[in-house]
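Here the structure is laid out as structure tokens; the discussion comes afterwards.
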Amino acid sequence: ATDSSNRSTSSTSFVTASNGMTINFTPSSTSNKVLVLLNANIQMTANNTGAVTVYRDSTNLGSSFGFGVSYATVNMSSGMSACYLDSPNTTSATTYKTQYKSGESADTVYVSTSGQTDTITLIEIGA
């Protein structure tokens, strides 16, 4: 899935980046793995942090900091990439979605800025 729509948040909790960065997926076996590939562009205001993660349904696949945090001493954009091997252990329909948040300062964070296209890709791997 891809999205190039500029979005923003001041939330210090993860929020959905966009419906365009959501994939509904049904694994073919409970023992199969899912390789999650994420490329996202995030822009922060000066002295702020921003984080990007992927949720499988209600489970954050990253940490409380997502798949990494960017810190800006000046207004700047930063590319973030993640590669995660997930074990969903289900054959039910599952939703993977990209989420992002601002740092503790609650300043505004933007995704898909400056014409950049963010992507999330899922690859099922047989056991």
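The values are calculated or read from the model by the stated rules, or taken from the named source; none is laboratory data. Predicted model, so just to flag it, every value in this text is computed and none were measured. Reconstructed Cβ throughout: ideal geometry from the backbone, glycine too, with neighbour counts over all protein chains shown. Surface accessibility is based on the protein's heavy atoms, side chains included, excluding ligands, DNA and RNA. Shrake-Rupley method; radii C 1.70, N 1.55, O 1.52, S 1.80 Å.
Taking every C-alpha pair closer than 8 Å and separated by at least 6 residues, the mean separation divided by the residue count of the chain gives a relative contact order of 46 percent. For the stretch 116-127, 3J(HN,Hα) computed residue by residue from phi via the Karplus equation (6.51, -1.76, 1.60; θ = phi - 60°) reads 6, 10, 8, 9, 9, 10, 10, 10, 7, 10, x, 6 Hz, glycine and proline entered as x.
Taking the Cβ of SER87 as the center, what net charge do the other residues with Cβ under 11 Å away carry, scoring Lys and Arg +1 and Asp and Glu -1? Spelling it out: positives minus negatives among the neighbours equals +1. Distances between placed amide hydrogens fall under 5 Å for GLN99 paired with ALA17, THR53, VAL54, TYR55, all partners being 5 or more residues away or on another chain.
With K and R counted +1 and D and E -1, the other residues having a Cβ less than 10 Å from that of VAL109 yield a net charge of +1. Scoring 44-54, 115-125 by mean Cβ neighbours within 10 Å over their residues and listing the highest first yields 44-54, 115-125. For the stretch 77-127, the solvent-accessible area of protein heavy atoms averages 48 Å² per residue (probe radius 1.4 Å; ligands and nucleic acids excluded).
In the list [x] 80; [y] 117; [z] 154, the label attached to volume of the Cα convex hull per residue in Å³ as derived from the coordinates here is [x]. Distant-in-sequence amide contacts of THR94, defined by a placed amide H-H separation under 5 Å and a gap of 5 or more residues or a different chain, comprise PHE25, THR26. Per atom type, the stretch 28-127 shows carbon and sulfur on 48% of its accessible surface, probed at 1.4 Å.
So which trypsin sites (Lys or Arg not before Pro) in the stretch 17-99 end up in coil per DSSP with only 16 or fewer other C-beta atoms within 10 Å? When the trypsin sites (Lys or Arg not before Pro) of the stretch 17-99 are filtered for loop state and at most 16 Cβ neighbours within 10 Å, nothing remains. If the chain linking THR113 and THR16 were pulled fully straight, counting 0.36 nm for each residue of separation and taking away their Cα-Cα distance, it would gain 33.3 nm.
Each Lys or Arg adds one and each Asp or Glu subtracts one; over the other residues with Cβ under 12 Å from the Cβ of THR98, this totals +2.
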